[in-house]
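Chemist: Below is one structure. I have some questions about it.
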Amino acid sequence: MTSMIIKEVCAKTIISKSKVHDYTINPYIGCEHGCTYCYARFIKRFTGHKEEWGRFVDVKINAARLLQREVEWKKRGRVWISGVCDPYQPIERKYRLTRRCLEILSEHNWPITVQTKSPLVARDLKLLKRFTNSEVGLTITTGDENIRKLFEPNVSSINDRIETLDKLHSSGLTTFVMIAPLLARANGLVAQLVGKVDYVLIDKMNYHHADWVYREHALEYAMTRRFFNQKKVELSEALEKEKMSYQFLF
(Lines give C-alpha, C1' and ligand atoms only; values in the text may rest on other atoms or scores of the structure.)
Protein backbone atom coordinates (compact mmCIF):
# COMPACT_ATOMS: atom_id res chain seq x y z
CA MET A 1 0.00 0.00 0.00
CA THR A 2 1.34 3.41 -0.97
CA SER A 3 1.98 5.68 2.01
CA MET A 4 0.27 9.06 2.39
CA ILE A 5 2.42 12.03 1.42
CA ILE A 6 1.79 14.96 3.77
CA LYS A 7 3.33 18.33 3.02
CA GLU A 8 2.99 21.62 4.89
CA VAL A 9 2.58 24.55 2.52
CA CYS A 10 1.89 28.27 2.72
CA ALA A 11 -1.04 29.46 0.63
CA LYS A 12 -1.34 32.91 -0.91
CA THR A 13 -5.09 33.25 -0.25
CA ILE A 14 -7.70 31.14 1.54
CA ILE A 15 -11.13 32.53 0.59
CA SER A 16 -12.06 31.70 -3.00
CA LYS A 17 -15.10 32.56 -5.08
CA SER A 18 -17.51 29.66 -5.50
CA LYS A 19 -20.23 28.71 -7.99
CA VAL A 20 -22.10 26.83 -5.24
CA HIS A 21 -22.12 29.52 -2.54
CA ASP A 22 -20.52 32.97 -2.32
CA TYR A 23 -17.16 31.62 -1.22
CA THR A 24 -15.32 28.43 -0.41
CA ILE A 25 -12.46 27.66 1.96
CA ASN A 26 -10.25 24.63 1.41
CA PRO A 27 -7.78 24.23 4.30
CA TYR A 28 -6.19 21.26 2.54
CA ILE A 29 -5.19 20.31 -1.00
CA GLY A 30 -6.01 16.69 -1.66
CA CYS A 31 -8.08 14.30 0.42
CA GLU A 32 -7.22 11.17 2.36
CA HIS A 33 -10.65 9.72 1.61
CA GLY A 34 -9.64 9.16 -2.01
CA CYS A 35 -13.16 8.28 -3.19
CA THR A 36 -13.01 6.61 -6.59
CA TYR A 37 -15.51 8.99 -8.19
CA CYS A 38 -14.23 12.26 -6.70
CA TYR A 39 -14.44 15.23 -9.06
CA ALA A 40 -11.88 17.18 -7.01
CA ARG A 41 -8.96 15.26 -8.52
CA PHE A 42 -9.02 17.89 -11.28
CA ILE A 43 -7.01 20.04 -8.87
CA LYS A 44 -3.91 18.02 -9.79
CA ARG A 45 -3.83 19.83 -13.13
CA PHE A 46 -3.11 23.05 -11.27
CA THR A 47 -1.00 21.86 -8.34
CA GLY A 48 1.45 19.64 -10.21
CA HIS A 49 0.88 16.60 -8.01
CA LYS A 50 1.91 13.34 -9.65
CA GLU A 51 0.71 11.14 -6.81
CA GLU A 52 -2.44 9.04 -7.07
CA TRP A 53 -5.57 10.81 -5.86
CA GLY A 54 -6.09 10.02 -2.20
CA ARG A 55 -2.36 9.57 -1.54
CA PHE A 56 -1.37 13.17 -0.89
CA VAL A 57 -2.48 16.07 1.26
CA ASP A 58 -0.99 19.55 1.35
CA VAL A 59 -1.69 21.30 4.64
CA LYS A 60 -2.15 25.06 4.34
CA ILE A 61 -0.53 25.87 7.65
CA ASN A 62 -1.15 29.61 7.28
CA ALA A 63 -4.89 29.19 6.55
CA ALA A 64 -6.09 30.80 9.79
CA ARG A 65 -3.69 33.74 9.50
CA LEU A 66 -4.83 34.40 5.93
CA LEU A 67 -8.48 34.13 6.88
CA GLN A 68 -8.11 36.54 9.77
CA ARG A 69 -6.83 39.12 7.32
CA GLU A 70 -9.22 38.39 4.44
CA VAL A 71 -12.46 38.58 6.44
CA GLU A 72 -11.56 42.16 7.33
CA TRP A 73 -11.80 43.41 3.75
CA LYS A 74 -13.90 40.93 1.78
CA LYS A 75 -17.65 41.42 1.45
CA ARG A 76 -19.46 39.15 3.88
CA GLY A 77 -21.03 36.08 2.25
CA ARG A 78 -21.83 32.41 2.75
CA VAL A 79 -18.75 30.19 2.92
CA TRP A 80 -18.78 26.59 1.72
CA ILE A 81 -16.41 24.41 3.75
CA SER A 82 -15.15 22.79 1.63
CA GLY A 83 -15.30 22.59 -2.15
CA VAL A 84 -12.33 20.43 -3.23
CA CYS A 85 -11.34 18.60 -0.05
CA ASP A 86 -13.10 17.13 2.95
CA PRO A 87 -12.57 19.64 5.77
CA TYR A 88 -12.83 16.84 8.33
CA GLN A 89 -10.60 14.26 6.68
CA PRO A 90 -8.42 12.40 9.23
CA ILE A 91 -5.52 14.87 9.16
CA GLU A 92 -7.82 17.54 10.62
CA ARG A 93 -7.49 15.74 13.97
CA LYS A 94 -3.85 16.83 14.06
CA TYR A 95 -3.83 20.22 12.35
CA ARG A 96 -7.28 21.55 13.34
CA LEU A 97 -7.24 24.02 10.45
CA THR A 98 -10.96 23.69 9.81
CA ARG A 99 -11.72 24.39 13.43
CA ARG A 100 -9.46 27.45 13.50
CA CYS A 101 -11.11 28.82 10.37
CA LEU A 102 -14.56 28.23 11.87
CA GLU A 103 -13.55 30.12 15.00
CA ILE A 104 -12.60 33.16 12.91
CA LEU A 105 -15.75 33.02 10.79
CA SER A 106 -17.84 32.72 13.95
CA GLU A 107 -16.20 35.79 15.46
CA HIS A 108 -17.14 37.77 12.34
CA ASN A 109 -20.61 36.20 12.05
CA TRP A 110 -20.20 34.90 8.50
CA PRO A 111 -22.81 32.34 7.38
CA ILE A 112 -21.41 28.88 6.62
CA THR A 113 -22.29 25.61 4.94
CA VAL A 114 -20.14 22.69 6.06
CA GLN A 115 -20.06 19.57 3.89
CA THR A 116 -18.21 16.41 4.86
CA LYS A 117 -18.29 12.62 4.97
CA SER A 118 -16.71 12.46 8.41
CA PRO A 119 -18.21 12.08 11.90
CA LEU A 120 -15.28 14.22 13.10
CA VAL A 121 -17.50 17.25 12.40
CA ALA A 122 -19.33 16.47 15.66
CA ARG A 123 -16.16 17.45 17.52
CA ASP A 124 -16.98 21.07 16.67
CA LEU A 125 -20.68 20.94 17.55
CA LYS A 126 -20.47 23.64 20.23
CA LEU A 127 -18.48 25.89 17.91
CA LEU A 128 -20.95 25.38 15.06
CA LYS A 129 -23.81 26.37 17.34
CA ARG A 130 -22.22 29.79 17.92
CA PHE A 131 -23.12 30.79 14.36
CA THR A 132 -26.39 32.58 13.76
CA ASN A 133 -26.54 31.15 10.25
CA SER A 134 -24.96 27.75 9.73
CA GLU A 135 -25.80 24.37 8.26
CA VAL A 136 -23.98 21.07 8.18
CA GLY A 137 -24.35 18.40 5.52
CA LEU A 138 -23.03 14.89 5.29
CA THR A 139 -22.59 13.18 1.95
CA ILE A 140 -24.08 9.68 1.77
CA THR A 141 -24.19 8.11 -1.67
CA THR A 142 -25.84 4.71 -1.06
CA GLY A 143 -27.74 2.79 1.58
CA ASP A 144 -25.64 -0.35 1.11
CA GLU A 145 -22.33 -0.84 2.92
CA ASN A 146 -21.00 -3.21 0.24
CA ILE A 147 -21.54 -0.56 -2.43
CA ARG A 148 -20.04 2.08 -0.14
CA LYS A 149 -16.87 0.02 0.30
CA LEU A 150 -16.42 -0.29 -3.46
CA PHE A 151 -16.53 3.44 -4.10
CA GLU A 152 -15.52 4.93 -0.72
CA PRO A 153 -13.25 2.38 0.99
CA ASN A 154 -11.52 4.97 3.19
CA VAL A 155 -14.62 6.76 4.47
CA SER A 156 -16.71 6.21 7.60
CA SER A 157 -19.66 3.83 7.48
CA ILE A 158 -23.13 4.89 6.38
CA ASN A 159 -24.46 4.29 9.87
CA ASP A 160 -21.76 6.46 11.46
CA ARG A 161 -22.68 9.32 9.15
CA ILE A 162 -26.40 8.96 9.84
CA GLU A 163 -25.74 8.91 13.58
CA THR A 164 -23.67 12.08 13.20
CA LEU A 165 -26.52 13.81 11.39
CA ASP A 166 -28.86 12.73 14.17
CA LYS A 167 -26.55 14.15 16.84
CA LEU A 168 -26.12 17.47 15.03
CA HIS A 169 -29.81 17.82 14.20
CA SER A 170 -30.89 16.94 17.74
CA SER A 171 -28.63 19.72 19.03
CA GLY A 172 -30.58 22.28 17.01
CA LEU A 173 -28.26 22.67 14.02
CA THR A 174 -29.67 22.83 10.51
CA THR A 175 -28.60 19.64 8.75
CA PHE A 176 -28.87 18.19 5.26
CA VAL A 177 -27.77 15.10 3.42
CA MET A 178 -26.15 15.16 -0.01
CA ILE A 179 -26.95 11.97 -1.91
CA ALA A 180 -24.38 12.57 -4.61
CA PRO A 181 -23.23 10.95 -6.66
CA LEU A 182 -26.33 8.75 -6.50
CA LEU A 183 -25.06 5.18 -6.40
CA ALA A 184 -26.90 1.86 -6.52
CA ARG A 185 -29.15 0.82 -3.62
CA ALA A 186 -29.79 4.28 -2.20
CA ASN A 187 -33.54 3.83 -1.69
CA GLY A 188 -33.28 2.61 1.90
CA LEU A 189 -31.62 5.84 2.96
CA VAL A 190 -34.81 7.87 3.16
CA ALA A 191 -36.35 5.91 6.04
CA GLN A 192 -33.08 6.16 7.98
CA LEU A 193 -32.89 9.94 7.55
CA VAL A 194 -36.36 10.86 8.82
CA GLY A 195 -36.08 13.37 11.67
CA LYS A 196 -32.33 13.77 11.20
CA VAL A 197 -32.11 16.29 8.34
CA ASP A 198 -33.88 19.47 7.31
CA TYR A 199 -33.55 18.79 3.61
CA VAL A 200 -32.08 16.41 1.04
CA LEU A 201 -30.03 17.17 -2.10
CA ILE A 202 -29.62 14.53 -4.81
CA ASP A 203 -27.41 14.50 -7.89
CA LYS A 204 -26.39 11.86 -10.40
CA MET A 205 -22.93 10.66 -11.28
CA ASN A 206 -21.48 13.41 -13.45
CA TYR A 207 -17.91 12.17 -13.91
CA HIS A 208 -16.21 9.07 -15.25
CA HIS A 209 -13.36 8.55 -12.78
CA ALA A 210 -15.08 5.50 -11.27
CA ASP A 211 -16.18 3.83 -14.51
CA TRP A 212 -13.78 0.99 -13.82
CA VAL A 213 -15.52 0.22 -10.52
CA TYR A 214 -18.90 -0.05 -12.25
CA ARG A 215 -17.46 -2.36 -14.90
CA GLU A 216 -15.49 -4.52 -12.48
CA HIS A 217 -18.52 -5.18 -10.28
CA ALA A 218 -21.24 -5.41 -12.95
CA LEU A 219 -22.85 -2.14 -11.89
CA GLU A 220 -22.99 -0.50 -15.31
CA TYR A 221 -26.78 -0.35 -15.07
CA ALA A 222 -26.37 2.26 -12.31
CA MET A 223 -24.64 4.63 -14.74
CA THR A 224 -27.51 4.85 -17.22
CA ARG A 225 -30.07 7.59 -17.78
CA ARG A 226 -32.79 5.00 -17.19
CA PHE A 227 -31.38 4.22 -13.73
CA PHE A 228 -31.20 7.87 -12.69
CA ASN A 229 -34.70 8.62 -14.00
CA GLN A 230 -36.09 5.59 -12.18
CA LYS A 231 -34.38 6.58 -8.93
CA LYS A 232 -35.68 10.11 -9.31
CA VAL A 233 -39.25 8.78 -9.28
CA GLU A 234 -38.66 6.30 -6.46
CA LEU A 235 -36.82 8.73 -4.20
CA SER A 236 -39.35 11.49 -4.85
CA GLU A 237 -42.17 9.19 -3.76
CA ALA A 238 -40.31 8.07 -0.65
CA LEU A 239 -39.34 11.63 0.34
CA GLU A 240 -42.83 12.99 -0.21
CA LYS A 241 -44.31 10.16 1.81
CA GLU A 242 -42.11 11.21 4.72
CA LYS A 243 -42.86 14.91 4.04
CA MET A 244 -39.16 15.68 3.66
CA SER A 245 -37.87 18.71 1.72
CA TYR A 246 -35.68 17.75 -1.22
CA GLN A 247 -34.14 18.98 -4.44
CA PHE A 248 -32.81 17.07 -7.41
CA LEU A 249 -29.83 18.67 -9.12
CA PHE A 250 -30.33 16.76 -12.35
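The values are calculated or read from the model by the stated rules, or taken from the named source; none is laboratory data. Just so it is clear, the model here is predicted, and its values are computed rather than measured. Ideal geometry is used to build each Cβ from the backbone, glycine not excepted, and the neighbour counts take in all protein chains shown.
Chemist: What single numbered condition from (1) in the same structural domain as E240 (by TED's automatic domain parsing); (2) crowded, with 19+ Cβ neighbours inside 10 Å; (3) small (G, A, S); (4) over 21 Å from C35 (Cβ atoms) fails to hold for S134?
Modeler: Only one criterion in (1) in the same structural domain as E240 (by TED's automatic domain parsing); (2) crowded, with 19+ Cβ neighbours inside 10 Å; (3) small (G, A, S); (4) over 21 Å from C35 (Cβ atoms) is unmet by S134, namely (1).
Chemist: Is there a residue in the range 177-199 that is modelled with pLDDT of 95 or more, under 15 Å from the mean Cα position of the chain (by Cα) and of a type in the set (S, T, N, Q)?
Modeler: Scanning the range 177-199 turns up no residue that is modelled with pLDDT of 95 or more, under 15 Å from the mean Cα position of the chain (by Cα) and of a type in the set (S, T, N, Q).
Chemist: Working carefully through the options K149, K129, K94, find the one that is modelled with pLDDT of 95 or more and more than 23 Å from I15 (Cα to Cα).
Modeler: One residue alone meets the criteria, K149.
Chemist: Could you say whether any residue in the range 71-83 is at pLDDT below 95 and either under 24 Å from L138 (Cα atoms) or under 15 Å from the mean Cα position of the chain (by Cα) (or both)?
Modeler: Here is the first cut: in the range 71-83, the residues at pLDDT below 95 are 83.
With either under 24 Å from L138 (Cα atoms) or under 15 Å from the mean Cα position of the chain (by Cα) (or both) added as a condition, the list becomes 83.
Yes, the range 71-83 has at least one match.
Chemist: Let me ask something else. List the number of the failed condition for L138; all other conditions in (1) of a type in the set (A, V, I, L, M); (2) farther than 30 Å from R226 by Cβ; (3) in contact with a Lys or Arg (Cβ under 9 Å, 6 or more places away or on another chain); (4) assigned to a strand (DSSP E or B) hold.
Modeler: Evaluating L138 over (1) of a type in the set (A, V, I, L, M); (2) farther than 30 Å from R226 by Cβ; (3) in contact with a Lys or Arg (Cβ under 9 Å, 6 or more places away or on another chain); (4) assigned to a strand (DSSP E or B) leaves (2) as the failure.
Chemist: Can you find even one residue in the range 201-209 that is free of Cβ contacts under 8 Å to residues at least 24 places away in the same chain and assigned to a helix (DSSP H, G or I)? Step through it out loud before you land on a result.
Modeler: First pass over the range 201-209, keeping only residues free of Cβ contacts under 8 Å to residues at least 24 places away in the same chain: 208.
Now restrict to residues that are assigned to a helix (DSSP H, G or I): none.
Scanning the range 201-209 turns up no residue that is free of Cβ contacts under 8 Å to residues at least 24 places away in the same chain and assigned to a helix (DSSP H, G or I).
Chemist: Can you tell me how many residues within the range 212-250 are exposed (fewer than 15 other Cβ atoms within 10 Å of the Cβ), under 23 Å from A40 (Cα atoms) and within 22 Å of the chain's Cα centre (by Cα)?
Modeler: 3
Chemist: Just to check your reading of the model, which residue among L193, L97, L120 is in contact (Cβ under 8 Å) with a residue 60 or more places away in the chain, out of contact with any Ser or Thr (no Cβ under 8 Å at 6 or more places or on another chain) and not aromatic (F, W, Y)? Steps first, please.
Modeler: Working: L193 fails: in contact (Cβ under 8 Å) with a residue 60 or more places away in the chain; L120 fails: in contact (Cβ under 8 Å) with a residue 60 or more places away in the chain.
Result of the check over L193, L97, L120: L97.
Chemist: In the range 93-112, how many are within 10 Å of L128 (Cα to Cα) and under 18 Å from the mean Cα position of the chain (by Cα)?
Modeler: So the count comes out to 3.
Chemist: Follow-up question, since we're still on this one. Given the residues V71, V79, which is the only one that is under 25 Å from T164 (Cβ atoms) and hydrophobic (A, V, I, L, M, F, W, C)? Steps first, please.
Modeler: Working: V71 fails: under 25 Å from T164 (Cβ atoms).
Answer to the check: V79.
Chemist: Of the numbered conditions (1) under 17 Å from N146 (Cβ atoms); (2) in contact with a Leu (Cβ under 8 Å, 6 or more places away or on another chain); (3) touching a residue at least 40 places away in the same chain (Cβ under 8 Å), A222 satisfies every one except a single condition; which is it?
Modeler: Result: A222 passes all but (3).
Chemist: Please identify the pairs in which a residue from the range 226-246 that is in the same structural domain as V197 (by TED's automatic domain parsing) has its Cβ atom under 9 Å from the Cβ atom of a residue that is at pLDDT below 95 and not hydrophobic (A, V, I, L, M, F, W, C), counting only partners at least 6 apart or on another chain.
Modeler: Filtered contacts from the range 226-246: K231/N187; E234/N187; L235/N187; A238/N187.
Chemist: Hey, which of the helices (runs of 4 or more DSSP H) in the range 1-105, taking only ones fully inside, have at least 2 residues that are closer than 27 Å to D203 by Cα and not assigned by TED's automatic domain parsing to the domain that holds H208? Break it down stepwise before answering.
Modeler: Values: elements: 44-47, 63-70, 92-95.
Correct list: 44-47.
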